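So the structure is just underneath, and the comments pick up after that.
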Amino acid sequence: MWAAGDHDQEQLSFAALLEDSAEDLYENAPCGYLSTLLDGRIAKVNRTLLNWLGYRREELVGHKQFSDLLTIGGRLYHETHFSPLLHMQGEVSGIALELKAADGSRLPVLVTSTVKQDSGGEPLLIRTTLLDARDRRAYERELLRARREAELERERLQRLATTLQRTLIPPTLEPVPGLDVAAHYHFASSDEVGGDFYDLFPLAAGRWGFFMGDVRGKGAGAAVVTSLVRYTLRAAAVFDPAPATVLANLNTALNHEFQEDEPRFCTVIFGLLTPKEEDMGFHVVLASGGHPPAVLLRAEDGADYVPTPGGQLVGVVPDAQFSTATVDLSPGDTLLLYTDGLTEARTPNAGERYGDEALLDFARGLAPTSAPGAVEALTALLDSFGEGLDDDTALLAMGAPRGGLSGRR
């Protein structure tokens with residue numbers, strides 16, 4: 001409960017508030033007020049604005065124009081935009097300008113001006129309200145600084161991600177005598193490191209190993225797994241190049257390395273290339289760990305998938321089983337490997353996935369073709385998906401040219 005004295009004090013405060021004169025409210029308002037004649041000469045100015053700028057009233061009234069209080073840039077804007085709009089519309093609101101104080105300092109303000117008219121609609125004078133925008137300007141500058149720092153950090157992370165990504169795929173592929181090779185990597189994002197990878201490398205006794213795969217996830221964690229997978233596959237192939245054995249050794253390594261952490265697994269297809277006699281192409285042995293099947297584009301009779309049934313994801317269970325498939329790469333044939341970013345891309349047709357059947361139809365329309373021809377056509381296909389291609393995608397094509405031409409990249 002309020003005491004009687006508190007009630008009396010409230011009544012006195014309210015009475016004092018009612019006694020505030022309009023002149024006092026004008027002079028000491030929390031914003032600046034001034035009135036100018038139509039030619040811009042200052043006719044009236046309140047004490048708040050005088051205190052902000054450090055002028056005496058007699059220095060401004062009848063002696064200066066409103067534009068004289070502006071900086072050079074503000075004066076130019078006032079003459080070319082503010083004043084013409086004011087005369088056309090009768091009001092201009094919330095324009096950011098800078099006033100020049102008596103000591104040469106600058107005061108950012110938000111300016112609103114209206115034209116006062118007589119009863120006949122003729123303009124008499126211009127009334128202007130000025131709000132102190134120093135806090136707002138400081139906030140805007142801080143916001144701009146923070147935005148610039150964020151952009152610089154994003155650019156740094158993009159460079160880091162790009163550099164890291166490029167270390168995970170070979171800059172060039174080893175030339176293989178009698179084999180045409182072409183590859184392409186589509187980066188879905190410049191901010192995140194993807195998990196797609198591929199390689200082609202020599203082994204003993206004139207054989208070559210190759211692989212393509214896709215690690216679960218993105219970012220630094222996926223990059224760590226990708227690096228481990230690539231080097232493990234190379235090392236395992238040197239120890240025993242049988243494709244199923246290579247994948248079994250990789251599976252053991254992944255289960256051992258990440259058994260206490262979040263599961264890290266990947267899909268991989270590993271192949272072994274052995275030249276056939278008399279430049280008649282290559283014998284290929286493939287093993288797949290849950291990876292999309294390779295496509296064989298034949299010199300004759302179109303194209304088909306090379307089935308590798310039964311292959312499990314690599315790194316999920318300790319005793320994963322992997323089966324092998326064999327195929328002959330005859331002169332004019334091309335073997336295509338890819339990651340699932342291609343078949344899972346969204347098409348313009350109501351966002352449907354591109355799919356395995358569409359890819360096979362596309363390959364049949366290309367065959368026969370060379371490895372560079374296949375990669376060039378598929379790269380154009382990837383580009384056609386636009387934003388529908390939202391995952392990294394790798395392509396690796398190997399072709400036995402007619403006539404046994406020497407390998408090239």
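Taking only protein heavy atoms and a 1.4 Å probe, the accessible area of the chain is 53% carbon and sulfur.
Only one residue of 220, 368, 45 has its Cα farthest out toward the positive end of the dipole of the chain, where Lys and Arg carry +1 and Asp and Glu -1 on Cβ, and that residue is 45.
Restricting the range 40-142 to trypsin sites (Lys or Arg not before Pro) that sit in a DSSP loop and have at most 16 other Cβ atoms within 10 Å of their own Cβ leaves 56, 64.
The charge dipole of the chain, taken about the Cα centre with unit charges on the Cβ atoms of Lys, Arg (+1) and Asp, Glu (-1), comes to about 1280 debye, rounded to the nearest 20. Of the labelled figures (1) -0.30, -1.05; (2) -0.57, -1.06; (3) -0.50, -1.09, only one reflects log10 I(q)/I(0) by the Debye sum over Cα atoms at q = 0.07, 0.13 Å⁻¹ as derived from the coordinates, namely (2). Gap in Å between the Cα centre of the range 299-378 and the Cα centre of the range 83-138? First find each Cα centre; the distance between them is then 69 Å. Largest first and in whole Å, the equivalent-ellipsoid semi-axes of the range 210-347 read 28, 18, 12, each the square root of five times a Cα gyration tensor eigenvalue. Dipole of the chain computed with +1 at Lys/Arg Cβ and -1 at Asp/Glu Cβ about the Cα centre; of 292, 242, 171, farthest Cα towards the positive end is 171.
Once the Cα atoms of helix 220-239 and of the chain are each reduced to a long axis, what angle between those two axes, in degrees from 0 to 90 to the nearest 10, is obtained? For 220-239 against the chain, the angle is about 10 degrees.
Which of 119, 189, 323 ends up with the largest GNM mean-square fluctuation for the chain, with Cα atoms connected below 10 Å? Among 119, 189, 323, the largest mean-square fluctuation in the Gaussian network model of the chain belongs to 119. Shown are 274, 324, 343, whose ranking by accessible area with a 1.4 Å probe and every protein chain present, most to least, is 324, 274, 343.
To the nearest 10, the accessible area of residue 279 is 110 Å² with a 1.4 Å probe. Site-free segments of the chain were taken between GluC sites (Glu not before Pro) in DSSP loops having at most 12 other Cβ atoms within 10 Å, sites themselves excluded; the longest one is 20-259.
Under the shape rule built on the C-alpha gyration tensor, where the axes satisfy a ≥ b ≥ c, the range 175-250 is oblate, since a/c reaches at least 1.5 while a/b does not exceed b/c. Note on the chain: with a GNM built from Cα contacts shorter than 10 Å, the maximum mean-square fluctuation among 317, 111, 268 falls on 111.
Of 283, 291, 87, 81, the residue with the largest accessible area leads and the full order is 87, 81, 283, 291 (1.4 Å probe).
Can you give me the accessible area per residue for the chain, using a 1.4 Å probe, in Å²?
In whole numbers, the chain has 52 Å² accessible per residue.
The values are calculated or read from the model by the stated rules, or taken from the named source; none is laboratory data. Model, not experiment: these values are computed from the prediction. Here the Cβ is made from the backbone with ideal geometry for all residues, glycine too, and neighbour counts use every protein chain on show. When the accessible area is computed, the model is the full protein with side chains, heavy atoms only, and any ligands, DNA or RNA have been set aside. Shrake-Rupley method; radii C 1.70, N 1.55, O 1.52, S 1.80 Å.
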